[in-house]
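Presented below is the structure to which this report refers.
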Amino acid sequence: MGSLGMGSLLLIVFVALLIFGPSKLPQLGKAAGNTLREFKNATKGLADDDDAKEKKEETK
């Protein structure tokens, strides 16, 4: 899959404005940011757990 271009991003923002209205967009952006942050922290935690497990097995 390719990355989103500027035109695609503008279209997404325009459609979001039509659907949710300008007053709801900051709330939606904040919620999306929090969700991405939680997902990133969870995946980082899984990677850290795997690294710790590998190091523990190497020392045996």
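The values are calculated or read from the model by the stated rules, or taken from the named source; none is laboratory data. Fair warning: this is a prediction, and the values are worked out from it, not measured in the lab. Methodologically, a virtual Cβ is constructed for each residue, glycine included, from the backbone with ideal geometry; neighbour enumeration extends over all protein chains shown. Just so you know, the surface numbers come from the protein's heavy atoms only, side chains and all, with ligands and any DNA or RNA stripped out. Shrake-Rupley method; radii C 1.70, N 1.55, O 1.52, S 1.80 Å.
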What spacing in nm lies between the two simple spin-label points modelled at residue 10 and residue 23, each 7 Å away from Cα in the Cβ direction? 2.8 nm
Using only protein heavy atoms and a 1.4 Å probe, report how much of residue 25 is accessible, in Å² to the nearest 10. 50 Å²
Are there trypsin sites (Lys or Arg not before Pro) in the stretch 4-54 that DSSP puts in a loop and that have at most 15 other Cβ atoms within 10 Å, and which ones? 24
Rounded, prolate or oblate: which one fits the stretch 1-46, using the alpha carbon gyration tensor with axes a ≥ b ≥ c (rounded when a/c is under 1.5, else prolate when a/b beats b/c, else oblate)? oblate
Per residue, how much accessible area does the stretch 1-55 have with a 1.4 Å probe, in Å²? 90 Å²
Which of 42, 17, 29, positive extreme of dipole for the chain (C-beta unit charges): 17
Report, to the nearest 10°, how far helix 6-20 tilts away from the longest principal axis of the Cα atoms in the chain, using its own Cα long axis and a range of 0 to 90°. 70 degrees
The chain, accessible surface, carbon-and-sulfur percent (1.4 angstrom probe): 65 percent
Which distance in nm do the two modelled labels at residue 55 and residue 3 give, with both placed 7 Å along the Cα-to-Cβ direction? 3.3 nm
